[in-house]
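Have a look at the structure below before the remarks.
Nothing in this text is a laboratory measurement; each read-out follows from the coordinates by a stated rule. Worth saying up front: this structure is predicted, and the values here are computed from it rather than measured. As a convention, Cβ positions derive from the backbone with ideal geometry for all residues, glycine included, and neighbour counts pool all protein chains shown.
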Amino acid sequence: MSDVKRPNITLYTDTTPNGIKISIALEELGLPYTVEHIDISTNRQKEPWFLEINPNGRIPAITDTFTDGKTIRLFESGSILLYLAEQYDPEYRISYPKGTRQFYEMNNWLFFQNAGWFDRMSCVAELNPGLQAWDRCKGKPITLCAMRRRRSNTAWTAT
Ligand SMILES: N[C@@H](CCC(=O)N[C@@H](CS)C(=O)NCC(=O)O)C(=O)O
């Protein structure tokens with residue numbers, strides 16, 4: 001489809017590390033994109049129009065024009081990074097060729113970051129420390145629970 005105009009990326013984000021890491025990837029790849037600020041302190045991420053983009057109601061998310069000419073939505077920062085790498089990183093600026101040793105090592109760390117409590121911590125590692133940071137990442141009972149357990153030195157499980 002030669003008349004498909006892409007990239008046509010809109011990044012839905014806020015100033016949290018999970019959001020910022022997508023901005024970093026886009027900048028590193030030198031891609032043009034539009035930013036739609038989702039102020040999570042006002043719960044904009046839970047509005048019906050945004051839930052069409054991310055049914056989980058969280059930033060970051062992106063939309064793009066896919067190779068078929070139709071809009072594609074991406075949510076979960078790891079999924080977004082893989083999409084950007086596969087679609088727009090032919091020179092391997094931020095990724096590695098599929099099937100190489102480095103590719104699998106990259107995936108180790110990608111999943112490590114996204115699957116564990118580190119992902120929750122990414123939200124907390126805001127510029128504003130303490131409770132204010134918790135406020136900005138409200139709705140995180142798992143994190144709070146994990147933090148409490150860590151503080152009390154008991155074994156941690158994400159319950
Ligand atoms: N696993 C998700 C985490 C996304 C996430 O938790 N985003 C937070 C900001 S860092 C958010 O949108 N919080 C608002 C809410 O949970 O309502 C990812 O990697 O994208």
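Points to keep in mind about this one:
- Segment 35-118: chymotrypsin sites (Phe, Trp or Tyr not before Pro) in DSSP loop, at most 15 other beta carbons within 10 Å: Tyr92
- Here is the list for segment 41-109: GluC sites (Glu not before Pro) lying in DSSP coil, each with at most 15 other C-beta atoms within 10 angstrom of its C-beta, are Glu52, Glu91.
- Trypsin sites (Lys or Arg not before Pro) restricted to segment 1-70 and DSSP loop, no more than 15 other C-beta within 10 Å: Lys5, Lys70
- Between Asn114 and Tyr96, the contour length at 0.36 nm per residue exceeds the Cα-Cα span by 4.6 nm.
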